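Student: Just passing along the structure, written as structure tokens.
Just so it is clear, none of the values below were taken in a lab; they were calculated from the coordinates. Predicted model only: the values in this text are computed from it and were never measured. Positions of Cβ are backbone-derived with ideal geometry, glycine not excepted, and every protein chain shown enters the neighbour counts.
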Amino acid sequence: MAELTYRDAVARAIAQEMERDPDVVLLGEDVAKAGGVFKATVGLYEKFGPKRVRDTPISEQAFMGAAMGAAMTGLKPVVDLMFADFAAVCWDFFANEFPKSRYMTNGQVKVPLVIRLANGSARFGAQHCQSVENWCMMIPGLKVVVPSSPVDVVGLLAASIRDPDPVIFLEHKSLYAVKGEVPDGEIVDTLGTAKILRPGKDATILALALMVPRALAAAERLKAESGIDCEVIDVRSLLPLDTRTILESLSRTGHLFTVEENPRLCGWGAEVVSIVADEAFYDLDGPPVRITTPHIPLPPAELEDLLIPSVDRIVETVRRTLTA
Amino acid sequence: MSKKTAAIDIAEATRLEMYRSQYRLREAEQRAFDLFLQNLVKGTSHLSLGQEAIAAGFATAMQPGDLTFCTYRGHAHTLARGVSVEKVLGELMSRDNGLMRGKGGSMHLTSVEHGVMGSYAIIGAHLCIACGAAWRAQYQGKSDVTTCFFGDGTTNIGAFHEALNFAVIWKLPVVFVCENNLYMEYTPIKDVTAVAQPAADRASAYGLERILIDGNDADVVYQTAQKAYARARAGEGPSLIECLTYRHSGHSRADPAKYRPKGELEKWKESDPVKTYRARLLAQGIKASVLDEIERVVKAEVDAAEVACKASPLPPDEIMFTDVYADGGCAWRN
Ligand SMILES: Cc1ncc(C[n+]2csc(CCOP(=O)(O)OP(=O)(O)O)c2C)c(N)n1
Ligand SMILES: [Mg+2]
């Protein structure tokens, strides 16, 4: 067992998979000698050399395409896109190319790759801090994975690299420095599985990435201050979505809250609430409530702090709803 | 522009193969158009009638295992790698015997077993994807070469420039082939491009040789392809080749091509690649009966393909829900 940061967990997972499979390669801007803009790939260039760990020019379309062409023909590329917002300059690959090839070719073409994005709030403002998980979730053919802890980064990134489908792997910028216990030896998790992090009987709180530690902190305060016992689920994967774990939890608690960093419209929580309305309406003892960032561009620095769902906001929203 | 004529240094069997290939592309696409007129091709389609020498010349110069990436105007490139006319027409007609059982359609013809790695309909993307296939060859120490075909209009999208720079700095075994048919959709390419030759005049920006050839002459195309392939296989990196040509039909099946100046089509038809190549072979002493026999066999393949496609049913409904994910299905939740 070792204590690892979330950023070191990224490098650990990639190293684990590169050691196992010579077809795994890493590419992106500044990933090699510089070790990545977020220092999440430090040491990989030294360990695996310039053939497998390659710096690219500022050509997001070229290296997304190159990763796809390599994946189609036998390699297993891991791509570092840096800020998640940059997906917009190569969105063709996310929306039209990676996810459609297998289908359009009736299964002839496979695109086993992982695109790593540094997602979410970190006080850089409207073009460097968006939460783009909802952009990705709406595209059939993609898998979308969003880890919240170092151990999940290792296991889910390893599973994503082994997965035969294109995986969008959303790392949270504000979690890179967070530490956690990670067991020694090979770790491979299972995509499409949510995790109950805190059992509870009064309400189900769903969260992703940076919202997970906030939901957990809120649950502790709700218990201590108001005796409200919340179950906290780390959703971990939006595609595939582990609806079974979510619906099972709701059947016990009767109350549902989603904590979403994305701007409000079409957030993943809206899809979950719609599924609940269809399939678990009679399990509900009150309205499902979405706690989200407002539907505005995100301002930088301290203003950002006022808009992203906070522990206070989660506590107040849950308490108000359950005591109404 | 290199104005080479009759390239007798090409083996007779190769020249006959290039004639067969060009004639076959012509017949197959003309049949596709007939089927469209019979209302049997319901989706869109983009013909490359008039551009056959490029597909035939490059495909003939390729080796088994070499990879082709092309655009939505990809019937010819797909057929030229040896995919059957039946599978191509079946795909256009959404039949169960189609190349992808109707799930891709005319714009996405793909046959991995023939090295046809896809037909791409978003301008520019496949130049980048072709770089990746070539990178894999380099990474694995394999000798296959990737060819990427695209139009003149494609030279004005960012992905073209990104891909060229990328291929050069990584020294990739990829050959970029611009089929300059003078139009991007309905707009003359010269009206929207900073240089006269949209691909060739950009080569120097990437440290590449300026290569501009007669794309209606299969011999010239073949010999240019051979040089580029030898360079790629020797590890010397990519090439960019601009082929001058002209499409005889509209941009897509819906386009009557009224924007063309009077007489332009007629002028280009004088250098119709299929007709001029036949005349050249005859002038070189090949017997008409040999060419007639090639044509008879091709026509028989196309006729049989039409019959088979008309007899084939639509694919079963289930097929629309397969192969979204690697498990074979489309499940996004448990
Ligand atoms: C990114 C993008 N923009 C626009 C289009 C619409 N479009 C389809 S074909 C075409 C013209 C392309 O011209 P060219 O590259 O010369 O190829 P050609 O059709 O002549 O073979 C356009 C604009 C597209 N498919 N993708
Ligand atoms: Mg054109």
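Student: What number results when the radius of gyration of the protein assembly as shown, computed over Cα atoms, is divided by 2.2 N^0.38 Å? Don't jump to the answer; show the numbers that get you there.
Tutor: Working: Rg = 28.0 Å, N = 658, 2.2 N^0.38 = 25.9 Å.
After normalising by residue count via 2.2 N^0.38 Å, the value is 1.08.
Student: Another one. For the range B:26-41, just list the computed ³J(HN,Hα) in residue order, Karplus coefficients 6.51, -1.76 and 1.60, θ = phi - 60°, integers in Hz, with x standing in for Gly and Pro.
Tutor: Rounded to whole hertz, the list is 4, 5, 5, 6, 5, 5, 4, 5, 4, 5, 5, 5, 7, 6, 9, 10.
Student: Under a 5 Å amide H to amide H cut-off, with H placed in plane at 1.01 Å, what residues pair with residue A:26 once short-range neighbours are removed?
Tutor: Those qualifying (amide H under 5 Å, at least 5 residues apart or on another chain) are A:53, A:54, A:78.
Student: Once the principal axes of the Cα atoms of the range A:1-96 are found, what is the range along each, listed largest first in whole angstroms?
Tutor: For the range A:1-96, the Cα extents along the three principal axes come out at 42, 28, 22 Å.
Student: Moving on. What does the helix-only formula give at 222 nm for the protein assembly as shown: each DSSP H stretch with n ≥ 4 adding -39500 (n - 2.57), the total divided by the residues, and the result rounded to the nearest 500 deg cm²/dmol?
Tutor: On the way: 21 runs with 247 residues, N = 658.
Result for the protein assembly as shown: -11500 deg cm²/dmol, rounded to the nearest 500.
Student: Using 7 Å Cα-to-Cβ label points, what is the residue B:296/residue B:230 separation (nm, one decimal)?
Tutor: 3.8 nm
Student: Moving on. Amide H of residue A:197 versus every other amide H placed in the peptide plane: which residues, excluding those fewer than 5 positions away on the same chain, fall under 5 Å?
Tutor: Placed amide hydrogens put A:232, A:233, A:234 under 5 Å from residue A:197.
Student: Take the alpha carbon atoms of the range A:34-56, find their center, do the same for the range A:1-30, and report the distance between the two centers in whole angstrom.
Tutor: 10 Å
Student: What's the center-to-center distance, using Cα atoms, between the range B:76-146 and the range B:220-279 in Å?
Tutor: 19 Å
Student: How much length would be gained if the chain were fully extended between residue A:265 and residue A:302, taking 0.36 nm per residue of separation minus their Cα-Cα distance, in nm to one decimal? Before the final figure, lay out each step's value.
Tutor: Numbers: separation 37, 0.36 × 37 = 13.32 nm, distance 2.34 nm.
Answer, rounded to one decimal: 11.0 nm.
Student: Take the Cβ-Cβ distance between residue B:113 and residue A:33 as r, set R0 to 41 Å, and report the resulting FRET efficiency rounded to the nearest 0.05. Can you show the working numbers first?
Tutor: On the way: r = 40 Å, r/R0 = 0.99.
Once the sixth-power term is evaluated, E becomes 0.50.
Student: Mind checking the full-extension length gain between residue B:289 and residue B:269? Use 0.36 nm per residue of separation minus the Cα-Cα distance, one decimal, nm. Don't skip to the answer; put the middle values down first.
Tutor: Details: separation 20, 0.36 × 20 = 7.20 nm, distance 2.44 nm.
Additional length available on full extension: 4.8 nm.
Student: Return the tail of the calculated pair distribution for the range A:55-188, meaning the percent of Cα-Cα pairs more than 25 Å apart. Provide the component values of the computation, followed by the final result.
Tutor: Working: 2209 of 8911 pairs.
When every Cα pair of the range A:55-188 is considered, 25 percent fall beyond 25 Å.
Student: Please give, to one decimal in nm, the separation of the simple spin-label points placed at residue B:205 and residue A:275, each 7 Å out from Cα toward the Cβ.
Tutor: Roughly 4.6 nm, to one decimal.
Student: Related question: If you consider only alpha-carbon coordinates, what radius of gyration and Dmax does chain B have, in Å?
Tutor: Considering chain B through its Cα atoms, Rg and Dmax are 19.6, 69 Å.
Student: Considering only Cα-Cα distances, which of the following residue pairs are longer than 26 Å: A:76/A:173; B:87/B:258; B:42/B:258; B:103/B:275; A:76/A:143; A:33/A:179? Working shown, then result.
Tutor: Values: A:76/A:173 24 Å; B:87/B:258 32 Å; B:42/B:258 23 Å; B:103/B:275 35 Å; A:76/A:143 15 Å; A:33/A:179 24 Å.
With Cα atoms farther than 26 Å apart: B:87/B:258; B:103/B:275.
Student: 7 Å from Cα along Cα→Cβ at both residue B:171 and residue B:38: what's the point-to-point distance in nm?
Tutor: So the label points at residue B:171 and residue B:38 sit 5.4 nm apart.
Student: Among B:219, B:66, B:191, whose mean-square fluctuation peaks in a Gaussian network model of chain B (Cα, cutoff 10 Å)?
Tutor: The residue with the greatest mean-square fluctuation here is B:191.
Student: If you don't mind, there's one more thing I want to ask. Could you work out the relative contact order of the range A:56-116? I mean the mean sequence separation of Cα pairs under 8 Å and 6+ apart, divided by the number of residues, in percent. Could the numbers behind the result be given before it?
Tutor: On the way: 61 pairs, mean separation 26.5, N = 61.
The value is 43 percent.
Student: Continuing with the same structure: Give the order of B:93, A:68, B:62 when sorted by the count of other beta carbons within 10 angstrom, beginning with the fewest.
Tutor: Working: B:93 25, A:68 29, B:62 20.
Exposure proxy ranking, most exposed first: B:62, B:93, A:68.
Student: Kirkwood-based Rg over Rh for chain A (C-alpha set), two decimals?
Tutor: Numbers: Rg = 19.5 Å, Rh = 20.0 Å.
Answer for chain A: 0.97.
Student: With a 10 Å cut-off between alpha carbons and a GNM built on chain B, which of B:306, B:113, B:52 moves the most?
Tutor: B:113
Student: Using θ = phi - 60° and the Karplus curve 6.51 cos²θ - 1.76 cosθ + 1.60, what whole-Hz ³J(HN,Hα) does each residue of the range A:115-123 get, with Gly and Pro shown as x?
Tutor: 9, 9, 10, 8, 9, x, 5, 6, 6
Student: With θ set to phi - 60° and the Karplus curve 6.51 cos²θ - 1.76 cosθ + 1.60, what are the ³J(HN,Hα) couplings of the range B:214-220 in order, to the nearest whole Hz, using x for Gly and Pro?
Tutor: Coupling constants for the range B:214-220: 6, x, 9, 10, 4, 5, 5 Hz.
Student: When only C-alpha pairs under 8 Å and at least 6 residues apart count, what is the relative contact order of the range A:171-324, in percent? Could the numbers behind the result be given before it?
Tutor: Working: 237 pairs, mean separation 37.2, N = 154.
Once divided by the residue count of the range A:171-324, the mean separation gives 24 percent.
Student: Under 5 Å between amide hydrogens, which residues at least 5 positions from residue B:116 or on another chain qualify, with H placed 1.01 Å from N in the peptide plane?
Tutor: Those qualifying (amide H under 5 Å, at least 5 residues apart or on another chain) are B:68, B:111.
Student: Which FRET efficiency value, to the nearest 0.05, is calculated for residue B:196 and residue B:276 with the Förster distance at 25 angstrom and r the Cβ-Cβ distance? Walk me through the intermediate numbers first.
Tutor: Numbers: r = 25 Å, r/R0 = 0.99.
Here the calculated transfer efficiency is 0.50.
Student: Nearest 5 percent is fine: what portion of the DSSP beta bridges confined to chain B is antiparallel?
Tutor: Numbers: 3 of 25 bridges.
For chain B, the DSSP antiparallel bridge percentage is about 10.
Student: Something else: Given the protein assembly as shown, what percent of its DSSP beta bridges are antiparallel, to the nearest 5?
Tutor: Of the beta bridges lying entirely in the protein assembly as shown, close to 15 percent run antiparallel.
Student: Let me ask something additional. Sequence neighbours fewer than 8 away in the same chain don't count; with that in mind, list the aspartates and glutamates whose C-alpha is under 20 Å from residue B:262.
Tutor: Cα-Cα hits under 20 Å: B:185, B:191, B:270, B:272.
Student: Can you tell me how the range A:195-323 classifies by the Cα gyration tensor, rounded, prolate or oblate, using a/c under 1.5 as the rounded cut? Walk me through the numbers before you get to the answer.
Tutor: On the way: a/c = 1.68, a/b = 1.22, b/c = 1.38.
Oblate.
Student: In a GNM of chain A with a 10 Å cut-off on Cα contacts, which of A:262, A:134, A:96 has the highest mean-square fluctuation?
Tutor: Ranking A:262, A:134, A:96 by mean-square fluctuation puts A:96 first.
Student: Alpha carbon centre of the range A:91-116 versus the range A:275-290: separation in Å?
Tutor: Centre-to-centre (Cα) distance: 34 Å.
Student: What FRET efficiency, computed as 1/(1 + (r/R0)^6) with R0 = 25 Å and r the Cβ-Cβ distance, is obtained for residue A:179 and residue A:51, rounded to the nearest 0.05? Don't skip to the answer; put the middle values down first.
Tutor: Numbers: r = 32 Å, r/R0 = 1.29.
Given R0 = 25 Å and the Cβ-Cβ separation, E is 0.20.
Student: When DSSP assigns beta bridges and you keep just the ones with both residues in the range A:2-182, what percent turn out antiparallel, to the nearest 5? Spell out each step's value before the answer.
Tutor: Details: 4 of 25 bridges.
Roughly 15 percent of the DSSP beta bridges within the range A:2-182 come out antiparallel.
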